[in-house]
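Heads up: the structure comes next, in structure tokens.
Read-outs throughout are calculated quantities, based only on the coordinates presented, and are distinct from any laboratory measurement. In this text, all values refer to a predicted model and were calculated from it rather than measured experimentally. In this analysis, Cβ positions are derived from the backbone assuming ideal geometry, glycine residues included, and neighbour counts consider all displayed protein chains.
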Amino acid sequence: KDVITAKDVKLSYGSYEALHGISLNFHEDELTALIGPSGCGKSTFLRCLNRMNDDIENINITGKILFEGQDIYSPKMDLVELRKEVGMVFQQPTPFPFSVYDNIAYGLRIAGIKDKELIDQRVEESLKQAAIWRETKDNLKRNAQAFSGGQQQRICIARALAIRPKVVLLDEPTSALDPISSSEVEETLMDLKRKYTFIMVTHNLQQAGRISDQTAFLMNGNLIEAGKTEEMFIAP
Ligand code: ADP
Ligand code: ADP
């Protein structure tokens, strides 16, 4: 089953065409790696999938992106609803400068959840899912920015998961981390990838080979090749 379908997506920044017509399907509960050299359009394409680049001046996007069959660029699309379903994790861990608890609760409150017990329950559940509960359960009031980089990134993953999205977009989620933190984040994603649809930008070919189900190669704004990771990477 396809959760997101992109059809002939073209994107220009002013007169500069950064994406030349990308068609790609993202399958339910799989992890897709978007890979390719710097500047090839990976982030640009990723940000189309939850309309993160709508506000850029002079941007022009054509083609179609369907989320569960709905055209996300249709005027009827509710952006708040879309972003509840399609969450985002960035390269730099970006917890808000307040407690771990409030980092997670913030998004839940915006999503309209007011019940304290339900919030407590979701905070615990999402921190457990992101494999950061052990390090945070006795420190929920501690400022999230006081944790290590890898811990902060897992807090950000927990924050994204707390809303119970269908899809999580990740833009080079490990490239700002040290190798140990990076492999902890990879393990977290591997444990979760049968429960969520992940779409991850990476420039690390080995990482794509280790953790993705589908790999898509971009170059100069074109999709060069896409397929099952196990068929694309030949074991050494
Ligand atoms: P990647 O993620 O593969 O490194 P990007 O998607 O960030 O590539 O960028 C693709 C191309 O689009 C690059 O040439 C980049 O300079 C350009 N670009 C990205 N964002 C903008 C923007 N806001 N305005 C103009 N050009 C941009
Ligand atoms: P990434 O680490 O994902 O490759 P970049 O460092 O390329 O991101 O870009 C960081 C930010 O700057 C992004 O929001 C991107 O849209 C914007 N940007 C990138 N290239 C350009 C450009 N040529 N002109 C204007 N903005 C750009």
crowded, with 16+ Cβ neighbours inside 10 Å and either without any contact (Cβ under 8 Å) to a residue 24 or more places away in the chain or within 16 Å of ligand 1 (Cβ to nearest atom) (or both): which single residue out of 61, 56 fits that description? 61
Scan of region 11-61 for residues that are under 18 Å from the mean Cα position of the chain (by Cα) and either of a type in the set (Asp, Glu) or on the phi > 0 side of the Ramachandran plot (or both), ordered by number: 28, 29, 30, 36, 41, 51, 54
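For residue 148, are the conditions met, namely being more than 16 Å from ligand 1 (Cβ to nearest atom) and touching a Gly at 6+ places or on another chain (Cβ under 7 Å)? Give the derivation first.
Values: more than 16 Å from ligand 1 (Cβ to nearest atom): yes; touching a Gly at 6+ places or on another chain (Cβ under 7 Å): no.
So residue 148 fails the test.
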Can you report the number of residues in region 25-59 which are more than 12 Å from ligand 2 (Cβ to nearest atom), part of a strand (DSSP E or B) and more than 15 Å from residue 72 (Cα to Cα)? 5
Which residues, taken from region 100-118, are under 13 Å from residue 152 (Cβ atoms) and small (Gly, Ala, Ser)? none
For region 189-206, how many residues meet the condition of being within 16 Å of ligand 2 (Cβ to nearest atom) and surrounded by 21 or more Cβ atoms within 10 Å (Cβ to Cβ)? 4
Residues that are aliphatic (A, V, I, L, M) and touching a helix residue (DSSP H, G or I) at 6+ places or on another chain (Cβ under 7 Å): find the strands (runs of 3 or more DSSP E) completely inside region 117-236 holding 1 or more of those. 167-171, 197-201, 214-219
Considering residues of region 140-163 that are in contact (Cβ under 8 Å) with a residue 60 or more places away in the chain and not small (Gly, Ala, Ser) only, the residue surrounded by the fewest Cβ atoms within 10 Å (Cβ to Cβ): 163
Between 51, 47, 83, which is among the basic types (Lys, Arg) and closer than 26 Å to residue 227 by Cβ? 47
Top-ranked residue in region 26-50 [being within 22 Å of residue 205 (Cβ to Cβ) and in contact with a Lys or Arg (Cβ under 9 Å, 6 or more places away or on another chain); ranked as nearest to ligand 1 (Cβ to nearest atom)]: 36
Name the residues in region 60-78 that are in a strand (DSSP E or B) and either of a type in the set (A, V, I, L, M, F, W, C) or within 14 Å of ligand 2 (Cβ to nearest atom) (or both), would you? 61, 65, 66, 67
Pick from region 10-24 the residues that are out of contact with any Ser or Thr (no Cβ under 7 Å at 6 or more places or on another chain) and within 16 Å of ligand 2 (Cβ to nearest atom): which of them is nearest to residue 62 (Cα to Cα)? 12
